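**Student:** Below you will find the structure I want to go over with you.
No lab work stands behind these numbers, since they all come straight from the coordinates. Bear in mind that the values here come from a model prediction, so they are computed numbers and not experimental data. As a convention, Cβ positions derive from the backbone with ideal geometry for all residues, glycine included, and neighbour counts pool all protein chains shown.
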Amino acid sequence: MFVWGNYGGPLKRVLAALKYENQPQLAHPLGHWLGKAWLKSSATRSHNQKLIVVPIPMHPKKQQQRGYNQAELIARSFCELTGYKQAPLGLERVRATQPQFGLSVQERAQNLADAFIIGKHFLRHHSTSPVLILDDIYTSGATVKSATQTLRKHGITVYGSVAIATSTASVK
C-alpha cells in the first residue's frame, strides 16, 4: 500500500471538492503528485516491470450522477507521469454499496463483499503484467481487499495499491 498524504486539512478539502462539488479538474494535479511520489519511492525501485493501473470503479448509477469516476481521472494523470498502462475497465462494480464513511471495519467488508466483477479489459486481454489498484482514499482496506480478491480469482497478480490519502480516524 502506497499513500501520498493524510486525509485531513487542505487535502481533505480538495478531495471533497473533487468528489462532491463537480471539480474533476482537481484529479490531474492529484494524480501527478501521486505519480511523482510513487516514482521516488522504494516501491518502484524494487519492481521494474510495467504495471497496469486499475482504478476502483464506481457503480454505474453513482457515476452517472457524478458524471465521472474520480479514481479513473486520478489514474489517468498518474499513468501519464509513470508511463504505466491504465485499465479503467479492469473491474466493474456490480453492486451499489453504501458510502464507507462512518462504517465499522466489519461493516465495510460486508458492504463490499461481491461488489466487483472482472471487467471487460481483462475479459478481452488476459494480463501477464501485475496490477496496481488505485483509489482516492484508503481507510480500512476493505475496498482494495475486495478488488484484489476479484482480480486474483481470475489469475491476475496484484502488485499493490496506491491512494491519494489515508484516513484511519473515520473507522470505528
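**Student:** With charges set only on the Cβ (+1 for Lys and Arg, -1 for Asp and Glu), what does the dipole of segment 27-95 come to about its Cα centre, in debye to the nearest 20?
**Tutor:** Result for segment 27-95 is approximately 120 debye, rounded to the nearest 20.
**Student:** Further question: Could you compute how fast the chain diffuses translationally, taking Rh as the Kirkwood radius over C-alpha pairs and applying Stokes-Einstein at 37 °C with viscosity 0.692 mPa s? Give it in µm² per second.
**Tutor:** The Stokes-Einstein estimate is 204 µm²/s.
**Student:** Same structure, new question: Near residue 71, within a Cβ-to-Cβ distance under 9 Å, what is the net charge of the other residues, with Lys and Arg +1 and Asp and Glu -1?
**Tutor:** Neighbour charge sum, excluding residue 71 itself: -3.
**Student:** Still on this structure: Could you identify which residue out of 106, 149, 70 has the top mean-square fluctuation in a GNM of the chain using Cα springs shorter than 10 Å?
**Tutor:** Judging by the Gaussian network model, the answer is 106.
**Student:** Let me ask another. Each label point is 7 Å from the Cα along the Cα-to-Cβ direction; what then is the distance between the points at residue 153 and residue 80, in nm?
**Tutor:** Each label point is offset 7 Å from its Cα along the Cβ direction, giving 3.5 nm.
**Student:** Hey, can you grab everything whose amide H is under 5 Å from the amide H of residue 166? Only 5+ residues off in sequence or another chain; H modelled, so Pro and N-termini drop out.
**Tutor:** Amide H to amide H, under 5 Å and 5 or more residues apart or across chains, residue 166 pairs with 5, 6, 7, 138.
**Student:** Using +1 on the beta carbon of Lys and Arg, -1 on that of Asp and Glu, and nothing else charged, what's the dipole of the chain about the Cα centre, debye to 20?
**Tutor:** Value, rounded to 20: 140 debye.
**Student:** What does the convex hull of the Cα atoms come to per residue for segment 76-162, in Å³?
**Tutor:** Hull volume over Cα atoms, normalised by residue count, gives 97 Å³.
**Student:** Would you kindly state how much longer the chain becomes between residue 13 and residue 105 on full extension, computed as 0.36 nm times their sequence separation minus their alpha carbon distance, in nm to one decimal?
**Tutor:** Between residue 13 and residue 105, full extension yields 30.7 nm more.
**Student:** Rounded to the nearest 500, what is the 222 nm mean residue ellipticity of the chain from helices alone, with -39500 (n - 2.57) per DSSP H run of 4+ residues and division by all residues?
**Tutor:** That comes out to -12500 deg cm²/dmol.
**Student:** Let me ask something else about it. Which residue fluctuates most in the GNM of the chain (Cα springs below 10 Å): 134, 18, 91?
**Tutor:** Comparing 134, 18, 91 in a Gaussian network model of the chain, the most mobile one is 18.
**Student:** Once both labels are modelled 7 Å past Cα along the beta-carbon direction, what's the residue 126-residue 114 spacing in nm?
**Tutor:** Modelled inter-label distance: 2.6 nm.
**Student:** In segment 1-79, how does Rg compare with the Kirkwood Rh, expressed as the Rg/Rh ratio over alpha carbon atoms?
**Tutor:** Radius of gyration relative to Kirkwood radius: 1.00.
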